[in-house]
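Read through the structure below, which is laid out as C-alpha cells, and then see the notes.
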Amino acid sequence: SSGASAQGEQILDGIERYRTRCFEIVTQFLAIFRGSFAVTSSSSSNNDYSFSLLSMWTARRIQTFLTTLNSNIVTHVHDTATLRDALDAASFFASSMGRVGADFQSLLAPIFEPRLTEMVVGHWKDGLNAMMETLKTCRDAGVAAPLIGTETSSASDGADGTNPNDDVEMQSLRTPSPPRILLALPPLARFLNAYLTGLNELRRCLLPGAFPSIRAAQIKLVNDTKMVLQANERAVLTPGLRGEAAKLRGVASKMKLEFDSSVGSYMDNCLEVAFGSADYAMAAAEKVRKLEEQKAAALAAEQAEREAAERKAREEEEAKVAALETQASPEGENAEKKGDDSESMDHSQGVDKEVTIETTETTQQLGNESFDRED
C-alpha cells in the first residue's frame, strides 16, 4: 500500500507541476504578445499568427498531458481514493486553463470513468473467481465442510435483517442488510462480500458517467454467477462422485436456489443504493411505510381482539354471578318455609301434650270423686 501511495503522490505532483508551467507560459505569452484574445480592427497578421501559434502549442500540451495522465492512471492508480485525488487535481488544472480559453474538463471523463468501472468490476471478478475455485476444490476433494456454515438469526431484527426501530428514510438510503441464509453458505457469502467491496469503491469516487457501464457489468456478473452455480450443480450430479456426494449435491442445489431467490435481487438493491437512485429510495421508503402501516393495523386488531375477549369474559363472569344469585334465592325461601313448618309442628305437638295432660288430670279427678261416693 505504501508503494501505491507513493505512486499516487507522484501523479499528483506531476499534475501540479505541469499545470503551473503551462499556465505560466500561456499567461506570459499573452501578456507579452497579445494581451488578450479579443481581436480588434488594428490587429495585425503577426498577432493573428501568434494567436494561432499559442492555440496550437496549448492544444498539444493538453493532449500530451491527457495521454500521460491516462497512462499513469491505468498503470499506477489502484484505489478510488487516489483516483478521486487525481481527478480533483486534473479538474483544477482544466479550470485554470479555462481562464485563458483552454478549459478541457470535458476530456477528463473518458480517462477516469473507465478506470473507475475497472476497479469496481475487478473486485467482482475476484469474488466470482474465488467462489469458482472453492467449489472446484471441494468437488474434486469430495469434501463439503468448507461449503457449509451455521445460520443464525436475531429476534430483534426483521425478516430481511432490518431493524424495525430505524427511521424510514435511513432504511431507504443505507445498504440493505444481507440475507441471513448466506451464513449457512460461506462461498456465496464471500462472493457477496467481494461484490459489496466493489460498490464501496463508489463511495469515494462516484462518477455518474460510469453508471451505464457498471450496470452492464453487474448484469453480466449475475448471469456469469448463475452459469457457475448451474455448472457446479451439474458437476456434483455426475455419477461416481467420491466423498460426501450427498452433501455436495445438497449444498449445490441450495446455493443455486438462494442466489435465484434472494441474492440476485439483493445485489440489484445494493447497486441502486450505491448510485444514490432517488427512485429506489422512494420505492424503498414506500415499502417500509406500508410495512409500518401493516404492523400498526395488526397491533390495533390484536388490541381490539384482546379488549373484546376481556369484555366477553367480564360479561360471562357477571352472568355467572347473576345465575348464582338467582339459584341461591329459591333455596333460601325453601329453607325458611321448612323452618316455619317445623315450628308449626312443634307447636301442635305441644298443644297435644297439654290436652293429654289435662285429660289425664280430669280422669283422675273423676276417679277420686267416684271413690268418695262409694265410701
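The values are calculated or read from the model by the stated rules, or taken from the named source; none is laboratory data. Given the structure is predicted, the values throughout are model-derived calculations rather than measurements. In this analysis, Cβ positions are derived from the backbone assuming ideal geometry, glycine residues included, and neighbour counts consider all displayed protein chains. What goes into the accessible areas is simple: the full protein's heavy atoms, side chains included, and nothing from ligands, DNA or RNA. Shrake-Rupley method; radii C 1.70, N 1.55, O 1.52, S 1.80 Å.
Looking at this structure, is Lys247 open to solvent by 70 Å² or more (accessible area, probe 1.4 Å), within 30 Å of Ser277 (Cα to Cα), in a helix (DSSP H, G or I) and not β-branched (Val, Ile, Thr)? Taking the combined requirement at face value, the residue does not satisfy it.
Matching residues to (1) small (Gly, Ala, Ser); (2) more than 26 Å from Phe23 (Cα to Cα); (3) modelled with pLDDT of 95 or more:
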{"site": "Val77", "(1), (2), (3)": "no, no, no"}
{"site": "Thr82", "(1), (2), (3)": "no, no, no"}
{"site": "Arg99", "(1), (2), (3)": "no, no, no"}
{"site": "Asp103", "(1), (2), (3)": "no, no, no"}
{"site": "Ala109", "(1), (2), (3)": "yes, no, no"}
{"site": "Met119", "(1), (2), (3)": "no, yes, no"}
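Pairs are defined by a Cβ separation below 6 Å, a sequence spacing of at least 6 or placement on different chains, a first member in the stretch 1-14 that is under 12 Å from Asp85 (Cβ atoms) and open to solvent by less than 60 Å² (accessible area, probe 1.4 Å), and a second member that is at pLDDT below 80 and part of a loop (DSSP other than H, G, I, E, B); no pair meets this definition. Note on the stretch 82-98: residues that are in contact (Cβ under 8 Å) with a residue 24 or more places away in the chain and exposed (fewer than 15 other Cβ atoms within 10 Å of the Cβ) amount to 1. Considering (1) open to solvent by less than 100 Å² (accessible area, probe 1.4 Å); (2) at pLDDT below 85, the lone condition that Ala313 does not fulfil carries the number (2). Would the stretch 220-229 turn up any residue that is under 23 Å from Asp140 (Cβ atoms), touching a Lys or Arg at 6+ places or on another chain (Cβ under 7 Å) and not small (Gly, Ala, Ser)? So far as the stretch 220-229 goes, yes, one or more of its residues are under 23 Å from Asp140 (Cβ atoms), touching a Lys or Arg at 6+ places or on another chain (Cβ under 7 Å) and not small (Gly, Ala, Ser).
One residue stands out among those in the stretch 212-234 that are touching a residue at least 12 places away in the same chain (Cβ under 8 Å) and among the β-branched types (Val, Ile, Thr): the one that is nearest to Ala245 (Cα to Cα), which is Val228.
Pick from the stretch 129-143 the residues that are part of a helix (DSSP H, G or I) and open to solvent by less than 20 Å² (accessible area, probe 1.4 Å): which of them is farthest from Ile73 (Cα to Cα)? Of everything passing the filter in the stretch 129-143, Cys138 is farthest from Ile73 (Cα to Cα). When Asn223 is tested against (1) open to solvent by 50 Å² or more (accessible area, probe 1.4 Å); (2) more than 24 Å from Leu185 (Cα to Cα), only condition (2) is not met.
Listed by first and then second residue, the pairs with beta-carbon distance under 8 Å, at least 6 apart or on different chains, first residue in the stretch 200-211 and under 13 Å from Asp79 (Cα atoms) and assigned to a helix (DSSP H, G or I), second open to solvent by 20 Å² or more (accessible area, probe 1.4 Å) and basic (Lys, Arg), are Arg204/Arg84. When the residues of the stretch 39-60 are filtered to those that are among the aromatic types (Phe, Trp, Tyr) and modelled with pLDDT under 85, the one that is farthest from Ala102 (Cα to Cα) is Tyr49. When Leu237 is tested against (1) open to solvent by 80 Å² or more (accessible area, probe 1.4 Å); (2) touching a residue at least 40 places away in the same chain (Cβ under 8 Å), exactly one condition is not met: (2). Report, ordered by the first and then the second residue, all pairs with beta carbons closer than 7 Å, sequence separation of six or more or different chains, a first member in the stretch 53-66 that is open to solvent by 80 Å² or more (accessible area, probe 1.4 Å), and a second member that is in a helix (DSSP H, G or I) and modelled with pLDDT of 90 or more. Filtered contacts from the stretch 53-66: Arg61/Cys22.
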